[in-house]
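Asks: Pasting a structure here, questions to come.
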């Protein structure tokens, strides 16, 4: 199991550079509902239908994990460790999910390679 950041799923959906590693784990991956909101927001921003994104995601076995109070507290607790790198709420939601499940996190954001959160970080672009 791997926790996907929005950037990783977007690379997969748009077949951007680095999409191959995501394709290799997509059917054994999970994502925070916060990151799903980021993905759907990108589709809406770019004039693509949100329904199209949901349809394409539904073709995979990607598990969408609810974001509640416990997840919010876990993401908030990462602020001191990630502030200097400029990680967003979505970034921290992905990391919190990976930490809670003790699984790797996958992202397209190279900045994450400077993190040492206690779980493996897989950056899909070099």
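The values are calculated or read from the model by the stated rules, or taken from the named source; none is laboratory data. Bear in mind that the values here come from a model prediction, so they are computed numbers and not experimental data. All Cβ positions, glycine included, derive from the backbone under ideal geometry; neighbour counts span all protein chains shown.
Asks: State whether the residues of segment 35-55 include one that is under 18 Å from residue 121 (Cα atoms) and either modelled with pLDDT under 95 or surrounded by 15 or more Cβ atoms within 10 Å (Cβ to Cβ) (or both).
Replies: Yes: segment 35-55 contains one or more residues that are under 18 Å from residue 121 (Cα atoms) and either modelled with pLDDT under 95 or surrounded by 15 or more Cβ atoms within 10 Å (Cβ to Cβ) (or both).
Asks: Next up: Suppose the filter is within 15 Å of the chain's Cα centre (by Cα) and farther than 19 Å from residue 112 by Cβ; does residue 46 pass it?
Replies: Taking the combined requirement at face value, the residue does not satisfy it.
Asks: Could I ask something else about it? Report the residue count in segment 93-102 for those that are on the phi < 0 side of the Ramachandran plot and surrounded by fewer than 23 Cβ atoms within 10 Å (Cβ to Cβ).
Replies: Number satisfying all stated conditions: 3.
Asks: Next up: Among the residues of segment 52-69, what is the count of those that are free of Cβ contacts under 8 Å to residues at least 12 places away in the same chain and under 20 Å from residue 89 (Cβ atoms)?
Replies: 2
Asks: Still on this structure: Considering only residues that are free of Cβ contacts under 8 Å to residues at least 60 places away in the same chain and assigned to a loop (DSSP other than H, G, I, E, B), which ones fall in segment 2-51?
Replies: 14, 15, 46, 47, 48, 49
Asks: Which of the residues that make up segment 103-120 are in contact with a helix residue (DSSP H, G or I) (Cβ under 8 Å, 6 or more places away or on another chain), surrounded by fewer than 19 Cβ atoms within 10 Å (Cβ to Cβ) and outside any loop (DSSP other than H, G, I, E, B)?
Replies: If the condition is that a residue be in contact with a helix residue (DSSP H, G or I) (Cβ under 8 Å, 6 or more places away or on another chain), surrounded by fewer than 19 Cβ atoms within 10 Å (Cβ to Cβ) and outside any loop (DSSP other than H, G, I, E, B), then 111, 114 are the ones that fit.
Asks: Let me ask another. Name, by its number, the condition in (1) more than 16 Å from residue 11 (Cα to Cα); (2) surrounded by fewer than 18 Cβ atoms within 10 Å (Cβ to Cβ); (3) in contact with a strand residue (DSSP E or B) (Cβ under 8 Å, 6 or more places away or on another chain) that does not hold for residue 71.
Replies: (2)
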